[in-house]
Structures are given as structure tokens and as C-alpha cells.
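Take a look at the structure set out below.
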Protein chains: 2
Amino acid sequence: MLFQIKILGNNSAIPAHDRNQTAQLLQLDNQYVLIDCGEGTQIQLSRQNIKPGRIKTVLISHLHGDHYFGLIGLISTMHLFHRKNALTIFAPPELEKILDLQLQASETRLSFELKFIPLCHEGIKEIYKEEQFTIKAFPLEHGIKCYGFLIIENPKQWRINKDVLPEDMLIQEIVILKNGKNVLTEDGSIKYALEDYTLPPRPMRSYAYCSDTRYDEEIVSYIHGVDLLYHEATFADEMEGRAELTHHSTATQAAKIAKMAQVKKLLLGHYSTRYKDPTPLLHEAKTIFEESYLSYEGETIHLTE
Amino acid sequence: MLFQIKILGNNSAIPAHDRNQTAQLLQLDNQYVLIDCGEGTQIQLSRQNIKPGRIKTVLISHLHGDHYFGLIGLISTMHLFHRKNALTIFAPPELEKILDLQLQASETRLSFELKFIPLCHEGIKEIYKEEQFTIKAFPLEHGIKCYGFLIIENPKQWRINKDVLPEDMLIQEIVILKNGKNVLTEDGSIKYALEDYTLPPRPMRSYAYCSDTRYDEEIVSYIHGVDLLYHEATFADEMEGRAELTHHSTATQAAKIAKMAQVKKLLLGHYSTRYKDPTPLLHEAKTIFEESYLSYEGETIHLTE
């Protein structure tokens, strides 16, 4: 399965320094999931030649404008393009009324169904499941109701080792092996032992999105061991007091969470406008967690198998 | 007085072909008035190096998203910049509730006062008056409630002809002449005749904004003789049926209105996305009204005295 993350915006609060507000597009095989949707996200999608109609699901972390003001415009554009397929939106409950009022004011009856699923649970919860992946949401500490998202591949099949495959093995026997079981004879003895004919399933890749949040060790158990953690890093260390006050994190704090959660890689973003060049944030993070990276608008990150 | 119009966006419905959705910035001496505010308007302002804090008044013609989805983001940015001065918004009444809900959802208490003035009158009405200019609003025919705006300089003073000014003329006598009256002696006879010492006031410049609207001769009396008429021209002639259906105008129809209203110049905009190059719209308009011009994003039009 293709598992990639495209950064559509990574600035905090306002668009600045040619950086848009927060939005990310996940491509999971042939499915698009949009995470957050700051103002101008539809323009960012257009720049990347991505048709809005391909987005099936939208996850909105919280209702600060830099994370959702672009959603109503995106929905309107989908309508103008005569979208037919339903669009599922996961978001804090207040968003539904806001969208409804805006559609009413323009007397718009959408060409497609808007499935609104309010997020209002405690702890981590599975909110969406597809054949190949599952999405979970968990609370972040950000002053107002806010959720992080965990996207995990579903368990995979065992891989047939073609080098040792007997020519007379039946298709139904291959299916049994792929599902991780021995192939048995009628009397119950082993005909083909799983470990002799297969390689173990590839690991399930996973991505965690944590924006916006203050430093909060509660999330460590939710995101433990993920391949890639996107954690907001609004401020440098010297602004730790301001980070606390505004319910945001420093790059060092993001790195501490990454280290505690034993993730493979950390991706930083949601830079304060005061950092025209966010490189100092990277340096700070790397002193704690070497596998830290800056997110850049327009880049695509592949999670390889 | 400086009287200029900056085009921040001129595409209809969606952003396309590097054209943003509708927004215009009027500079009237040292005052900024924003007319409509499509998504991304704050980015357009930033590109033009215009600080949002300088905008004192916002006019929203109607509640189709391409004319107002950028407003809440602009307001949020003003708040983040700790704006102190009140912002006055004229718009259809439903917008107030939409803005309120969005501010509530983010638990934002604005750093400045938002004065919301609902537009819901018939005919033409004065809605705003400053020392140097007056704004009037009048209904447009667009399916939902929609207003056009007329911005007119206030009557000007007579100009003192310095070439013939007697050295012993008193300041209070100059003031009388500037106000268009003869200076009289105590016995009521003329001491200084107005026409001998003055030049007539410069004409009052005026700008009319008509977007969005179907072809509607009702507006001709409201905009008669203006220096510049911005009239939407969403479609070319061949799409007249679609224009009628969607309550929009063709370039030819815009030119007919300009001709009937005897305006000095016509500015076309709100181009349909189907026109990557809107030049054919200009050609059509010019066959009816020679002084027709295309609006270009980023350009500034000066109304000279």
C-alpha cells in the first residue's frame, strides 16, 4: 500500500513567509484523507494538481481558524464540481452548525452527502476503518477541545516465499498460509508448515499527527513506536513560557515526546511566524532526538514498507 | 484626495488560473475600505504589503462564499496582531451569526470591537459617511440578498484663485468664498464676488461596484454618470442562457448597463473559470461601450481629479 503524507501548510496562526496554515493530505493507496484545512488549502491542493473530489475523509483536529477556515471553501468547490460521493468529516461538534449556517446563507443544497461525525470522546478511540487502514483519535491538551490522529495499516498477510513454493500447492492452501496458519492434511497433521513456505508479514506502518498541543506525556502511550510522528513545534526553547501560556510546544518538547514514545522519526511543524527560517527549531530537537526533521510545504513523505 | 481601487481577486466561484476570488481594496485618502473578501484575501493583502490593521470598513455584497469566506480569517489575523480600533462590517444579516459562532468555537474574545451593520433595505440608501466620502448601498438581482455599492466624494470647496487674490483679504473672507458664497460688506453689498476670486469645485469622483448581478436596468439610475463602474461579466455572450440561470451577467450586458448609465469607464471582472484568458469578454464589451477595461489581479486603478 502507498502510504504518504503531503504537507500543504505548516505555519501557525496566520499565513506568512510563503507558508500556509496547517493542512496535510494523506494518501493511503488510492484513498485521500485530509488532516486539517487552514484557509487557502484548496489553492494548495490545486498547486499540487490534486483534485478535491478524490478526498473521501476529512479530520479536523480543533476549531482554531488556522486549522479549519479553508474547509467551507473546499466543500463549496466540491459542490461546484458536482461531487456525488459522500464526504465524511470528523471534527469537534460545533463545526457542524457553522457549516450548516454557511450553506443556508448561500441557499446551497450540496450535490453530495456531508457525513458529519462529532469528536467528543475521552482517551483513544477507533473512529474509522477501511480495508487497509484504521484511524484513531485521541485528545490533545490545547485549551479548547482538540484531537490528535493515529493512522495505522491493518494487519497484513504472511508473504509466500516463491523460492520454495511446490508446484502442486493449491490456491486455497496458499490462502491458508497467507492468513498465518499451517496447512493441515485431513487427519490433522501438518502438510505445509507456515514458517517453511512464508516470510512474516511486513510491519504495519503508522503515522501520528499531534497538532496543536502543549507538552503532554499522556499521549506517549497512544503514539508509541509509530514510524512517523508529526508533533507541533511552534516555538524555540527560549519561548517555553509562551508555549505554556498558549498551549503550544517547543521543538525540544516535541523531541522529548518522540524519544519517550520511541517513534522512528519526528516531523516538526506549525512554526510560529517569528521564525522565518525554522532551522533553529530543528537543531534544538536533534539534541534530544536525532531522527528529527523539518516539514516543508509541498513536500511528500513516503512511509516505505 | 487619493481615490484608488486595488483588485485583490477577480475570479468567480473558485480560485483558478492564478486569479483569486472577489476582493477589492479602496483607498480613500488615508482610509481603507475592503469590498468583498473571498478566501485567501489576507494572503493577497500581504502580497501587496498592506497591513490589515489599516482597514477600517468592510462591505460584503452577499453571502456566496467566494465573496466572504476570507473574512473570518482576516478578522482572526487582526486579532492576533492585537488590533485596537473598531472594524465596521456592512453585510447581509446572516453573516453576524456565522462570525459569532466561529469566534465562540475558538473561544476568541476579539481585541477590538466588531461593529456589524446588517444590510436589509430596499432601493438606494446612504450607509456610511466620512468627512471626504459617502457610501451608498443598493440591491442587486442575484437570487439571494445582494447589494451593490456606490462610493462618492463629498461636495468639495470652491478653489481660491491665487493669481487674483488681494493681499488684504481676511481668512474668514477666504472661508466664505471656499464655501461658495459672495463676501458681503456690512451694508449687504458685494465686497468680493465668488466668480471673480475662485475656480469652481473639482468634480466629485465616484465608483460603483456591482457584483454579483444578473442584467438589471433598475440599477442604472443608482450608478448614473459614475467615473468608474465595476460590473461583473462572468460569461461571454454565447453563455447568456447560463448567465440568466445563475443570476450573472455577460460582458455585453455589463457594457449595456455602462452605456445606459453613461458612466465614464467600465471595469469587467468576476470571470468564469472557463475563461483562462478573459480577453474575449473585453472584445464583446467594447463593441457596445468603448471605454471598457479588464480588471487584473494586483492592479491599482487611480481615479484622478
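The values are calculated or read from the model by the stated rules, or taken from the named source; none is laboratory data. Given the structure is predicted, the values throughout are model-derived calculations rather than measurements. Backbone-built Cβ (ideal geometry, glycine too); neighbour counts: all protein chains shown.
Exactly one residue out of A:Asp216, A:Asp227 is closer than 30 Å to A:Trp158 by Cα and assigned by TED's automatic domain parsing to the domain that holds A:Gly143, and it is A:Asp227.
Confirm whether A:His248 is touching a residue at least 60 places away in the same chain (Cβ under 8 Å) and on the phi > 0 side of the Ramachandran plot. Considered against the rule, which asks whether it is touching a residue at least 60 places away in the same chain (Cβ under 8 Å) and on the phi > 0 side of the Ramachandran plot, A:His248 comes out as no. Considering A:Phe69, A:Phe90, A:Phe112, A:Phe138, which residue is more than 14 Å from chain B (Cβ to nearest Cβ), touching a Gly at 6+ places or on another chain (Cβ under 6 Å) and not in a helix (DSSP H, G or I)? Checking each option against the conditions leaves just A:Phe138. Among the residues of the range A:153-176, those that are among the hydrophobic types (A, V, I, L, M, F, W, C) and either within 30 Å of A:Gln27 (Cβ to Cβ) or not in a helix (DSSP H, G or I) (or both) comprise A:Trp158, A:Ile160, A:Leu165, A:Met169, A:Leu170, A:Ile174, A:Val175. Filtering the range A:118-148 to residues that are of a type in the set (Lys, Arg) and within 14 Å of the chain's Cα centre (by Cα) leaves A:Lys129, A:Lys136.
Residues in the range A:115-135 that are part of a strand (DSSP E or B) and touching a residue at least 60 places away in the same chain (Cβ under 8 Å): A:Tyr128, A:Phe133, A:Ile135.
Residues in the range A:269-302 that are surrounded by fewer than 18 Cβ atoms within 10 Å (Cβ to Cβ) and touching a residue at least 40 places away in the same chain (Cβ under 8 Å) were compared, and the one that is nearest to A:Thr234 (Cα to Cα) is A:Thr273.
Taken over the range B:184-208, the criterion of being in contact with an Asp or Glu (Cβ under 8 Å, 6 or more places away or on another chain) and of a type in the set (Phe, Trp, Tyr) is satisfied by B:Tyr192, B:Tyr207. Just wondering, is there one or more residues in the range B:150-158 that are touching a strand residue (DSSP E or B) at 6+ places or on another chain (Cβ under 7 Å) and under 18 Å from B:Ile60 (Cβ atoms)? Yes, some residue in the range B:150-158 is touching a strand residue (DSSP E or B) at 6+ places or on another chain (Cβ under 7 Å) and under 18 Å from B:Ile60 (Cβ atoms). The lone criterion from (1) within 30 Å of B:Pro52 (Cβ to Cβ); (2) touching a helix residue (DSSP H, G or I) at 6+ places or on another chain (Cβ under 8 Å); (3) more than 10 Å from every other protein chain (Cβ to nearest Cβ) left unmet by A:Pro118 is number (1).
Of the helices (runs of 4 or more DSSP H) that lie entirely inside the range A:216-305, those containing 2 or more residues that are of a type in the set (Ser, Thr, Tyr) span A:279-288. Quick one: is B:Pro155 modelled with pLDDT under 95 and closer than 24 Å to B:His224 by Cα? Yes: the conditions hold for B:Pro155. Among the residues of the range A:94-111 satisfying the criterion of being in contact with a helix residue (DSSP H, G or I) (Cβ under 9 Å, 6 or more places away or on another chain), surrounded by fewer than 16 Cβ atoms within 10 Å (Cβ to Cβ) and not basic (Lys, Arg), which is nearest to B:Leu95 (Cα to Cα)? Out of the qualifying residues, it is A:Gln104. Do we have any residue at all in the range B:42-51 that's closer than 22 Å to B:Lys115 by Cα and surrounded by 22 or more Cβ atoms within 10 Å (Cβ to Cβ)? Checked against the condition, which is being closer than 22 Å to B:Lys115 by Cα and surrounded by 22 or more Cβ atoms within 10 Å (Cβ to Cβ), the range B:42-51 yields at least one hit.
Restricting attention to the range B:107-128, the residues being at positive phi and of a type in the set (D, E, K, R) number 1. Looking across B:Tyr222, B:Tyr207, B:Tyr192, one residue alone is at pLDDT 95 or above, over 17 Å from the mean Cα position of the chain (by Cα) and at negative phi. It is B:Tyr192.
Can you name the residue in the range A:215-228 that is surrounded by fewer than 19 Cβ atoms within 10 Å (Cβ to Cβ) and touching an Asp or Glu at 6+ places or on another chain (Cβ under 9 Å) and is also nearest to A:Ala254 (Cα to Cα) among such residues? Result: A:Asp216.
Regarding B:Ile35, is this residue within 20 Å of B:Tyr128 (Cα to Cα), in contact with a helix residue (DSSP H, G or I) (Cβ under 7 Å, 6 or more places away or on another chain), of a type in the set (A, V, I, L, M, F, W, C) and in the same structural domain as B:Phe133 (by TED's automatic domain parsing)? For B:Ile35, the condition - within 20 Å of B:Tyr128 (Cα to Cα), in contact with a helix residue (DSSP H, G or I) (Cβ under 7 Å, 6 or more places away or on another chain), of a type in the set (A, V, I, L, M, F, W, C) and in the same structural domain as B:Phe133 (by TED's automatic domain parsing) - is not met. For the range A:230-288, a residue qualifies if it is charged (D, E, K, R) and under 23 Å from A:Leu303 (Cα atoms), and the qualifying residues are A:Glu232, A:Lys256, A:Lys259, A:Lys264, A:Lys265, A:Lys286. Is it true that A:His142 is at pLDDT 95 or above and loosely packed, with under 15 Cβ neighbours inside 10 Å? The answer is no for A:His142. Can you find even one residue in the range B:70-88 that is touching a residue at least 24 places away in the same chain (Cβ under 8 Å), within 17 Å of A:Ser106 (Cα to Cα) and not β-branched (Val, Ile, Thr)? Yes: the range B:70-88 contains one or more residues that are touching a residue at least 24 places away in the same chain (Cβ under 8 Å), within 17 Å of A:Ser106 (Cα to Cα) and not β-branched (Val, Ile, Thr).
Is it true that some residue in the range A:255-266 is in contact (Cβ under 8 Å) with a residue 40 or more places away in the chain, out of contact with any Gly (no Cβ under 7 Å at 6 or more places or on another chain), aliphatic (A, V, I, L, M) and surrounded by fewer than 18 Cβ atoms within 10 Å (Cβ to Cβ)? Within the range A:255-266, one or more residues are in contact (Cβ under 8 Å) with a residue 40 or more places away in the chain, out of contact with any Gly (no Cβ under 7 Å at 6 or more places or on another chain), aliphatic (A, V, I, L, M) and surrounded by fewer than 18 Cβ atoms within 10 Å (Cβ to Cβ).
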